[in-house]
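The values are calculated or read from the model by the stated rules, or taken from the named source; none is laboratory data. Predicted model only: the values in this text are computed from it and were never measured. So basically every Cβ, Gly included, is an ideal-geometry build from the backbone, and we count neighbours across all protein chains shown. Calculation scope for accessible area: heavy atoms of the full protein, side chains included, ligands and nucleic acids excluded. Shrake-Rupley method; radii C 1.70, N 1.55, O 1.52, S 1.80 Å.
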Amino acid sequence: MSTDATPGRAHGFATRAIHAGQPHDPITGAVVTPISLATTFAQPEVGELMGGFEYGRTGNPTRVAYEACLASLEGGTDAVAFASGLSAEDALLRLVAPGSRIVLGDDAYGGTYRLISAVHAVEGRDHLAFDLTDPGKLEANWPDDATMVWLETPTNPLLTCLDITAIAEVAHAHGAILVVDNTFATPALQRPLEHGADVVVHSATKYLGGHSDVVGGIVATSDEELAQRLRYLQNAVGAVPSPFDCYLVLRGLKTLDVRMERHSANAAVIAEALQAHPQVERVRYPGLESHPTHRVAARQMSGFGGMVSFECRGGEAAALEVVSHTELFTLAESLGAVESLIEHPGRMTHASAAGSPLEVPASLVRCSVGIEDAADLVADLTAALDRLP
Ligand code: PLP
């Protein structure tokens with residue numbers, strides 16, 4: 001089943017976030033896309049479908065609306081939704097033929113690394129963890145068996161920004177496709193397909209949903225063949241989101257634009273405050289001019305996002321102390337929601353990368369800056385840092 005992702009393409013981002021794929025209900029006029037729970041759909045004749053729907057795993061009206069909206073926001077022609085970010089990633093990785101290699105940026109979500117290095121490796125897909133900050137190095141060291149390059153930008157948790165256009169050129173010159181995990185930036189701030197990426201993947205659990213109440217994943221592309229293969233896997237493997245989950249992400253998308261603006265504004269204030277604190281060794285925020293890949297970020301992003309990481313002068317002990325003593329910043333995994341979260345990547349989200357090329361510094365703290373009042377958030381973090389000896 002294809003989704004019509006194009007209506008309203010002439011409109012701006014915030015307009016499409018609210019309307020794309022979401023016509024008013026033709027019978028009731030309801031302005032909100034209904035949560036369509038039916039698992040099966042009546043057929044007037046064998047094989048004849050009334051509204052294009054046959055069976056709930058294969059297609060669902062709420063899911064179609066959500067997919068059409070996200071495809072429009074990413075500037076793609078199609079989007080395919082999954083039950084989690086990792087199940088979306090799993091479908092993408094199945095596109096790599098066994099015996100071929102995935103080049104993975106050497107800073108990425110620990111669960112992505114686990115999926116590639118422990119699950120897909122067993123099925124014969126090799127990987128190479130590679131520093132992608134210099135695309136020329138990738139060109140010079142291109143592994144002949146690579147058919148997919150996979151990157152996050154900004155990366156999780158070091159917030160390095162990678163040049164999508166330059167890396168896409170290298171990948172394409174070797175006949176490989178480029179996958180960009182756009183979870184941290186979201187299409188409100190960065191649209192990788194416009195920069196040459198072939199596929200965008202999201203953990204919709206984060207900013208797209210935006211309220212820490214839904215787990216989901218989604219892939220967007222303008223490549224018809226890739227879309228068809230992903231659509232096939234969505235149905236054949238069956239890791240689909242529930243209609244209620246689709247509704248929640250669709251609802252989240254409506255406010256994505258304003259949320260990302262506020263997340264970015266708050267994060268900028270916090271990054272500056274952290275930089276001035278004597279207990280902080282180094283702040284990693286793409287919006288800071290001191291950030292090593294600030295220029296790449298400024299070129300391909302329209303805002304710098306809500307994630308801020310920093311290293312503590314007192315090492316791991318200090319980092320653990322800080323994350324345990326904030327009040328507004330909740331110590332928890334995940335990110336991208338209205339409330340602020342704080343965590344220790346080495347012991348939490350990235351524990352599965354310990355001992356690998358993706359291991360993160362022990363002194364690192366990662367903050368997902370919410371949309372509370374910036375002054376309250378600064379005071380909270382400062383109080384936790386001030387406690388350190
Ligand atoms: N990609 C990134 C950048 C993530 O941070 C995460 C989860 O934290 C995922 C993918 C996986 O998504 P999910 O937890 O929805 O399966």
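Of note:
- The H on the amide N of SER309, modeled in the peptide plane, is under 5 Å from the matching H of ARG284, CYS367, each at least 5 residues off or on a different chain.
- Given charges at beta-carbon only (K, R positive; D, E negative), |dipole| of the range 257-386 in Debye: 540
- Each helix, a run of at least 4 DSSP H residues, gives -39500 (n - 2.57); summed and divided by the residues of the chain, these come to -9500 deg cm²/dmol at 222 nm.
- Taken about its Cα centre, the chain carries a charge dipole of roughly 280 debye when the Cβ of each Lys and Arg holds +1 and the Cβ of each Asp and Glu holds -1.
- Of the residues LEU364, THR39, VAL103, the one whose Cα sits farthest towards the positive end of the charge dipole of the chain is THR39 (charges of +1 on Lys and Arg Cβ, -1 on Asp and Glu Cβ, taken about the Cα centre).
- Just so you know, the Rg over Rh for the chain is 0.98, from Cα atoms, with Rh as the Kirkwood radius.
- Point-to-point label distance, MET50-ASP386, nm (Cα→Cβ direction, 7 Å offset): 6.5
- Charge dipole magnitude, Cβ of K and R +1, D and E -1 - the range 1-148, Cα centre, debye nearest 20: 340
- Accessible area of the chain belonging to carbon and sulfur atoms, whole % at 1.4 Å probe: 53
- Förster radius 41 Å - calculated FRET efficiency between THR28 and ASP145, Cβ distance, rounded to 0.05: 0.15
- With 5 Å bins beginning at zero, the pair-distance distribution over Cα atoms of the range 257-386 amounts to 2, 12, 21, 25, 21, 14, 5, 1 %.
- Computed extension gain for ARG347 through ALA42, at 0.36 nm per residue and net of the alpha carbon distance, reaches 104.7 nm.
- A DSSP coil position with no more than 12 other Cβ atoms inside 10 Å describes the following GluC sites (Glu not before Pro) in the range 238-316: GLU289.
- Ranking of PHE329, PHE130 by solvent-accessible surface, largest first: PHE130, PHE329 (1.4 Å probe, protein heavy atoms only, all chains present).
- Per residue, the accessible area of the chain comes to 40 Å² when a 1.4 Å probe rolls over the protein heavy atoms.
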